[in-house]
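Readers should treat all values here as calculations from the given coordinates under stated rules, not as data from a laboratory. Being a predicted model, the structure only gives us computed values, none of them experimental. No Cβ is skipped: glycine too gets one built from the backbone with ideal geometry, and neighbour counts run over all protein chains shown.
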Amino acid sequence: MTCSPSVTVVIPTFNEEVHLRDTLESVRDQSYGRIVEVLVADGRSTDSTRDIAREFDFVRVIDNPRRIQAAGLNEALQAAQGEIVVRADGHCVLDVDYVEVCVEALEETGAAIVGGAMRPAVSPAGHRGIARAMASPIGAGPARFHVGGPSGWVDTVYLGAYRLADALAVGGYAEDVGVNEDAEFAIRLGARGGVWFDPRISSTYIPRAQLSGVVRQFYRYGRSRAATVRRHPHSLKPRQVVAPLLVLGIVSPWRRQVIGVYGSLVVLSAARRMSEGVDTAVGGAVVMPAMHFSWGLGFLIGLVAGAGGGAMRDRVGQNLESEERT
């Protein structure tokens, strides 16, 4: 009988005391029997993140002195002992069969990396409108890792699971593409067998609860995506030019027409959400423009200015996305 491959779960963290316990409990309860270690790569948190991690006897805390997410992931890859690496975050909760389905998908498809969709949840202090906007094809875009869909080959997935040998062979995660390290990693890793989306790979993600946090988050997403496009021009997808074109349209002579059409789409989307409550509909109508304009502006600035040296090396409080989550 063939032995099931061993798995290392890696979790980069910074100041995740609010959600980390839930994350680790979901890892503890996994149905897969060969999780040999859980590595928490911590960027020197200033809260009780490390203490919480050490409450779980199966967790090993790894220091991340460079204090950016990609660096923490690379530290974990160097320390990992499992044949397969399953990536998680300190603000997500994995379904009980998450790891099991990841391993099945890797073995059945031969893909280099597999993953599922982001399923945003509303935190106790959060806003339903933010979560709904991030899961909407009009909000965060139509990519399957945002909105779900059937199994198939894609360009990137949420989090991801892959073979350790493949990850090391491609050099791990890039530490100079801002907060787009997952997608950039998928481009290089995908060349070794493709990227496979499986809707059965399911988890929940805690989005930011404040609009200001969403604006900063999506500005960094846009600028970081531009850094990846500069490095891998072939990776640019049609969906990724919509927000930059919107920003350019608003400063063009056709701004009235652009605003009119865009405003109609936002209103239509909000109207479709009315059955979920006025707060959800109105919240989504506010959040979506904030997401689009900040992402589009960040992308355009990133294309013109490039990585900007150290400017793209967001410090861990930004890069690990822990601020303003509650």
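Can you work out the FRET efficiency for the pair residue 165 and residue 210, with r the C-beta to C-beta distance and R0 = 30 Å, to the nearest 0.05?
Efficiency for this residue pair is about 0.15.
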| message | Please report the antiparallel percentage of the DSSP beta bridges confined to region 7-205, to the nearest 5. | response | 40 percent
| task | Among the chymotrypsin sites (Phe, Trp or Tyr not before Pro) in region 202-260, which ones are in a DSSP loop with at most 14 other Cβ atoms within 10 Å of the Cβ? Mind listing them? | result | 254
